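**Q** Following this message is one structure expressed as structure tokens.
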Amino acid sequence: MSHADFDKPHAFAATWRRMLLLGLVLIPATIASQFMREVLPYGGRTGLELAIIIVFGVLFGWISIGLWTSAIGFVSLLLRRDRYNLVRATGSMRPIDPDARTAVLLPVFAEDMRRVGAGLRATYESLAATGQIDRFDFFILSDTQDPGRWVDEEVAWATLCREMGASGRLFYRNRQVNLKRKSGNVADFVRRWGAHYRYMVVFDADSVMSGEALVKLVNMMQASPRVGLIQTLPQPMGQHTLFARMLQFTGHAYGPIFAAGLHFWQLGDGPFWGHNAIIRIEAFRQHCGLPRLPGRPPLGGDILSHDFVESALLRGGGWTIWLAHDLPGSYEELPPTLLDAMKRDRRWCQGNLQHLRLLFAEGLFPAHRALFINGIMSYVSALLWLVFLLLSSGQAVWQALKPPDYFPTGPALFPQWPVWQPQWALLLIVATTVILFAPKILAVLLIIVQRRAGQFGGVLRLLASAITETLMSALLAPVQAVFHSKFVLFTLLGQQVGWGAQSRGDASTGWAEALRYHGLATLFAAVWGLGVFWLNPAFFWWLTPVVAALLLAIPVSVLSSRSSVGRSARERGLFLTPPETAPAPVLQDFARYLVEAERAPARQGGFAAVVEDPAVNALHVVMQGLARGERLSAAILARRHELVAKVLRAGPAALAPREQKLLLRQPRLLLDLHRRWWAQGARPSPEG
């Protein structure tokens with residue numbers, strides 16, 4: 001197949017594949033809904049039973065999408081005959097055209113620069129080993145507002161430039177106004193410097209990518225001139241808590257068949273997940289100016305889940321979007337704890353629900369409208385599951401408290417006898433269980449068939465990990481569903497989320513914190529379970545998995561957040577992944593650089609270093625440019641001089657963060673402050 005074929009709309013193949021998926025989802029969901037109608041005593045003739053049937057049908061169809069996506073991914077990876085595979089069609093790594101320059105963007109916001117620097121250095125040196133680093137430049141794009149972290153970022157950048165010999169190839173910029181968060185940061189780069197590059201590879205602060213993967217991405221873009229974006233499948237790595245290790249295992253074991261299935265259904269209408277992807281800059285500049293949604297947040301204002309919208313706009317502009325699901329060498333870190341994952345999901349939930357405003361926007365392809373619905377349902381489905389369980393509980397309680405109604409729809413010639421069909425209930429349970437667990441079984445089977453079990457510690461350890469993960473997921477799923485339900489309700493009620501730094505690296509959840517976040521759900525589960533047990537003991541046992549998981553939420557959240565528990569699991573061979581059993585060179589370098597950075601002696605940083613350290617002062621002054629600050633009014637300049645006097649009198653720690661930021665934007669005053677600090681007799685800072 002020629003490269004030019006990848007630039008066509010793939011109308012016929014895409015249409016029949018998606019129609020097949022639609023049929024595979026709708027037909028079983030309709031049949032399952034009919035079975036549910038047979039299960040209920042009045043056959044769906046009451047309002048409560050009708051609501052149960054409708055919600056169940058929607059949910060059954062929703063989980064069926066995951067089953068069929070994984071099943072077709074299993075077949076695709078087993079047969080390896082996908083004629084639309086962009087990675088295999090491009091062939092081996094080739095030299096990049098001299099004029100095809102690529103910018104690697106690393107947006108940061110109050111990150112630990114030791115972690116960022118280790119990942120960037122490993123990526124940079126891996127790229128240098130390919131001999132094609134002269135086709136790439138790297139940009140650290142900072143939205144950090146904390147003055148101390150801002151200075152530390154500058155020092156980290158200068159250190160990386162010196163140690164890697166990357167001056168003129170690694171750049172740093174701190175943005176004064178954080179307009180539109182990360183999407184605004186990337187858009188600002190495109191406006192300022194995009195004309196100098198043909199492509200950009202967008203990272204997250206925790207991204208690591210091999211040089212071979214970066215070069216191969218550019219090769220694929222060069223070979224397919226109508227491709228606007230190629231998304232890689234980032235593989236999770238580097239975390240040690242039990243929760244994160246479980247997620248890492250699922251990403252490596254189950255993720256590939258699901259991603260291959262997504263590629264099969266989506267073809268050139270693929271996703272953009274916001275990072276570890278290459279983008280054609282001219283296409284992005286022309287089509288991806290994000291609008292501000294009318295109305296107030298949370299459903300109005302700046303678009304939070306910008307990646308789905310940007311891919312939809314690119315596709316609407318005539319550019320294809322591809323998922324390079326089998327390109328190795330792309331990595332990321334995952335949240336270390338359940339609560340950290342839920343904090344991230346809170347932002348994603350608000351962003352995805354904003355897509356309700358865009359579902360019927362003009363110029364979007366149906367496939368991307370479906371992606372919007374998929375993103376919305378990833379959170380709304382949790383609320384629907386909770387509603388389904390509550391409706392079912394209400395039905396059980398109603399049966400226990402109220403005598404049978406033989407004429408539920410009004411006067412009739414013959415009574416309607418309530419009939420309970422336990423055999424249909426059992427069949428539904430079996431069908432739902434198969435749909436939920438079949439993707440995991442297929443994934444494990446594929447690993448064994450392809451003789452990759454050694455990457456997971458061997459067949460026995462792979463099976464033990466899969467079984468343990470399934471049990472842990474059964475404990476965590478109801479807890480996550482409660483969180484997601486609250487997120488949906490809070491967003492629809494008008495509560496918006498803030499923008500804070502993400503938690504990376506090992507972390508742990510304390511008992512008090514777990515009680516604060518899980519206590520209400522635990523109390524609700526206790527009341528719910530006891531009430532149902534008292535009124536309808538038979539139905540209580542159907543609820544046991546959900547109620548028990550919520551009652552155990554606090555200890556499970558705490559223990560799964562402990563890195564000691566995660567390391568103990570690793571020692572026993574649980575949740576082993578390929579980056580651990582056979583780490584790629586770029587990951588080995590990343591781990592080494594991270595250890596070196598964490599063991600390095602601490603040095604004075606932040607605002608105090610700008611005042612006291614000649615090298616840091618000179619660096620920051622040069623970064624700001626001496627011309628800044630000369631147009632201040634006399635009154636403002638006088639207030640700045642008062643801040644200088646305050647530092648000279650009481651030390652750098654005397655200034656509040658807001659005051660430190662004011663001076664950090666005035667390089668001439670900082671230079672004068674540094675000279676006067678030393679002239680009056682330098683002394684250790686209270687911050688040192």
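**Q** From ALA205, ALA213, which residue is at pLDDT below 95 and either crowded, with 20+ Cβ neighbours inside 10 Å or touching a Ser or Thr at 6+ places or on another chain (Cβ under 7 Å) (or both)?
**A** ALA205
**Q** Among LEU428, LEU413, LEU364, which is the only one that is of a type in the set (A, V, I, L, M, F, W, C), modelled with pLDDT under 90 and open to solvent by 40 Å² or more (accessible area, probe 1.4 Å)?
**A** LEU413
**Q** Can you tell me which of GLY261, GLY228, GLY251 is of a type outside the set (A, V, I, L, M, F, W, C), open to solvent by less than 10 Å² (accessible area, probe 1.4 Å), part of a helix (DSSP H, G or I) and at negative phi?
**A** Every option except GLY261 fails the conditions.
**Q** Continuing with this model, one more query. For the subset of the stretch 290-325 comprising residues that are out of contact with any Pro (no Cβ under 9 Å at 6 or more places or on another chain) and among the charged types (D, E, K, R), which member is most open to solvent (accessible area, probe 1.4 Å)?
**A** ARG296
**Q** Residue pairs, Cβ under 8 Å, 6 or more apart or interchain, first in the stretch 458-478 and within 14 Å of ILE448 (Cβ to Cβ) and without any contact (Cβ under 8 Å) to a residue 24 or more places away in the chain, second open to solvent by less than 40 Å² (accessible area, probe 1.4 Å) and part of a helix (DSSP H, G or I). List them.
**A** Between residues of the stretch 458-478 that are within 14 Å of ILE448 (Cβ to Cβ) and without any contact (Cβ under 8 Å) to a residue 24 or more places away in the chain and residues that are open to solvent by less than 40 Å² (accessible area, probe 1.4 Å) and part of a helix (DSSP H, G or I), the close pairs are VAL459/ALA453; LEU463/VAL444.
**Q** For the stretch 448-485, which residues satisfy the criterion of being more than 22 Å from SER560 (Cα to Cα) and of a type in the set (Lys, Arg)?
**A** Correct list: ARG451, ARG452.
Table: residues versus (1) open to solvent by 60 Å² or more (accessible area, probe 1.4 Å); (2) hydrophobic (A, V, I, L, M, F, W, C); (3) assigned to a strand (DSSP E or B); (4) closer than 18 Å to ASP204 by Cα.
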site: SER92; (1), (2), (3), (4): yes, no, no, no
site: ALA103; (1), (2), (3), (4): no, yes, yes, yes
site: ALA110; (1), (2), (3), (4): no, yes, no, yes
site: GLY117; (1), (2), (3), (4): no, no, no, yes
site: THR123; (1), (2), (3), (4): no, no, no, yes
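**Q** Can you pull out every residue in the stretch 514-536 that is in contact (Cβ under 8 Å) with a residue 40 or more places away in the chain and surrounded by 17 or more Cβ atoms within 10 Å (Cβ to Cβ)?
**A** ALA514, TYR517, ALA521, TRP528, VAL532, ASN536
Per-residue answers, yes or no, for (1) on the phi < 0 side of the Ramachandran plot; (2) outside any loop (DSSP other than H, G, I, E, B); (3) open to solvent by 50 Å² or more (accessible area, probe 1.4 Å); (4) aromatic (Phe, Trp, Tyr):
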position: VAL595; (1), (2), (3), (4): yes, yes, yes, no
position: ARG603; (1), (2), (3), (4): yes, no, yes, no
position: ALA608; (1), (2), (3), (4): yes, yes, no, no
position: VAL611; (1), (2), (3), (4): yes, yes, no, no
position: ASN617; (1), (2), (3), (4): yes, yes, no, no
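**Q** If I ask for residues that are part of a helix (DSSP H, G or I) and among the β-branched types (Val, Ile, Thr), which ones from the stretch 188-205 would you list?
**A** Within the stretch 188-205, VAL190 is the sole residue that qualifies.
**Q** Additional query: Go through (1) open to solvent by less than 40 Å² (accessible area, probe 1.4 Å); (2) among the aromatic types (Phe, Trp, Tyr); (3) modelled with pLDDT under 90 for TRP499 and report which single condition fails.
**A** Of the numbered conditions (1) open to solvent by less than 40 Å² (accessible area, probe 1.4 Å); (2) among the aromatic types (Phe, Trp, Tyr); (3) modelled with pLDDT under 90, the odd one out for TRP499 is (1).
**Q** Report whether or not PHE539 is assigned to a helix (DSSP H, G or I), touching a Ser or Thr at 6+ places or on another chain (Cβ under 9 Å) and in contact (Cβ under 8 Å) with a residue 40 or more places away in the chain.
**A** yes
**Q** Just give me the residues in the stretch 43-73 being open to solvent by less than 30 Å² (accessible area, probe 1.4 Å) and of a type outside the set (A, V, I, L, M), in sequence order.
**A** Scanning the stretch 43-73 gives GLY43, GLY44, GLU49, PHE56, GLY57, PHE60, GLY61, SER64, GLY66, THR69, SER70, GLY73.
**Q** Moving on. For ALA569, which of the numbered conditions (1) of a type outside the set (D, E, K, R); (2) open to solvent by 60 Å² or more (accessible area, probe 1.4 Å); (3) farther than 26 Å from THR123 by Cα fails to hold?
**A** If we test ALA569 against (1) of a type outside the set (D, E, K, R); (2) open to solvent by 60 Å² or more (accessible area, probe 1.4 Å); (3) farther than 26 Å from THR123 by Cα, just (2) comes out false.
The values are calculated or read from the model by the stated rules, or taken from the named source; none is laboratory data. Please read all numbers here as calculations on a predicted model, not as lab measurements. Heads up, the Cβs are rebuilt from the backbone with ideal geometry, glycines too, and the neighbour counts pull from every protein chain shown. Areas reflect the complete protein model, heavy atoms only, side chains present, ligands, DNA and RNA absent. Shrake-Rupley method; radii C 1.70, N 1.55, O 1.52, S 1.80 Å.
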